[in-house]
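One structure is given below, encoded as structure tokens.
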Amino acid sequence: MCEIKIKPATKGLLVRDPITRVPLDVKGEVKPRNSYWLRRIQDESVVVMTDKEKTGATS
């Protein structure tokens, strides 16, 4: 199954996992690429983290 690393779009936004009901970590989490998370990306509740964000690199 494909996975994506996502985080809430804004700092105070609470986005819950539909299965565990646990809020998404503000630092980002790896989640399955399913219809729920794709809808959250489309409605701009969450953003996909780039490779630069994943590694913590700065420029």
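The values are calculated or read from the model by the stated rules, or taken from the named source; none is laboratory data. Just so you know, these numbers come straight off a predicted model, no measurement behind them. Surface areas here come from the heavy atoms of the whole protein model, side chains and all, with no ligands, DNA or RNA. Shrake-Rupley method; radii C 1.70, N 1.55, O 1.52, S 1.80 Å.
Close amide-amide hydrogen proximity is noted between Ala9 and Val46, Val47, each under 5 Å apart and 5 or more residues distant or on a separate chain (H modeled in the peptide plane; Pro and chain starts excluded). With contacts taken as Cα pairs under 8 Å at a separation of at least 6 residues, the chain carries a relative contact order of 42 percent. Semi-axis lengths, largest first, of the ellipsoid equivalent to the chain are 18, 13, 11 Å, with √(5λ) applied to each eigenvalue of the Cα gyration tensor. Per residue, the solvent-accessible area of the chain (1.4 Å probe, heavy atoms of protein chains only, all protein chains present) comes to 75 Å². Residue by residue, the range 18-24 carries 3J(HN,Hα) couplings of x, 8, 8, 6, 8, x, 5 Hz when phi is fed to the Karplus relation 6.51 cos²θ - 1.76 cosθ + 1.60 (θ = phi - 60°); x denotes Gly or Pro.
Taking only protein heavy atoms and a 1.4 Å probe, the accessible area of the chain is 53% carbon and sulfur. Accessible area of Arg39 (1.4 Å probe, protein heavy atoms only, ligands and nucleic acids ignored): about 120 Å².
Each residue of the range 38-46 was assigned a 3J(HN,Hα) from its phi angle through the Karplus expression (A = 6.51, B = -1.76, C = 1.60, θ = phi - 60°), giving 5, 5, 5, 5, 5, 8, 6, 7, 10 Hz with x at Gly and Pro.
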